[in-house]
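Single-structure report; data block below.
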Amino acid sequence: MQYIIMFLIVLGLAFADFVTGYIKARCKDEVSSKALRIGGLHKVSELTIMLSAIGLTVGLEKLGGYYSDTRLTSLAGAFTALTVFVYITAMEIISIVENFAEIYPEATWARKIISRLKKYEDDKED
């Protein structure tokens, strides 16, 4: 059940990112079918990766049952699914906040978050 919830969260965030990205493009008068297609394909790729991680988790748990030791296989599968889930979730939330900051420039809290993240990324590259 937890894997269905993980997938639904990722699906919802991917949808929210796609919608905020579309709104941002409309506000800037930069809507293009190519960008929409690429954005949509990125979202499909993220969902595919999440489903693959969930499938691997379920498969490893079942495989562990054949060898009468599900502890290690369950742990490996759960770690994989959780890692992918956390990464995609963080990436989507950051993208949604970035889109929102461009849609609504008066939202200073959003711009502060984005500038801090960019500063962190720039410091990490040095």
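Taken together, the values in this text are just the output of simple stated rules run on the coordinates, not laboratory data. These numbers come from a predicted model, not from an experiment. Here the Cβ is made from the backbone with ideal geometry for all residues, glycine too, and neighbour counts use every protein chain on show.
Sort the following peptides by mean Cβ neighbour count (other Cβ atoms within 10 Å, averaged over residues), highest first: 38-46, 64-72.
Numbers: 38-46: 13.9, 64-72: 11.0.
Result, highest mean first: 38-46, 64-72.
Across q = 0.14 Å⁻¹, the chain modelled as identical point scatterers on its alpha-carbon atoms has Debye log10 I(q)/I(0) values of -0.74, in the order of the q list.
Would you work out the charge dipole size for the chain about its Cα centre, treating the Cβ of every Lys and Arg as +1 and the Cβ of every Asp and Glu as -1, and quote it to the nearest 20 debye? Kindly include the intermediate steps, with their values, before the conclusion.
Numbers: 14 positive and 15 negative charges, 46 e Å.
So the magnitude is around 220 debye.
For region 92-107 versus region 1-74, the spacing of their alpha-carbon centroids is 21 Å.
Cα-Cα over 23 Å: which of LYS24/LYS118; LYS43/LYS112; LYS34/LYS112?
Numbers: LYS24/LYS118 19 Å; LYS43/LYS112 26 Å; LYS34/LYS112 30 Å.
From the list (LYS24/LYS118; LYS43/LYS112; LYS34/LYS112), the Cα-Cα distance tops 23 Å for LYS43/LYS112; LYS34/LYS112.
Computed on region 1-99, with alpha-carbon pairs under 8 angstrom and 6+ residues apart, the relative contact order is 39 percent.
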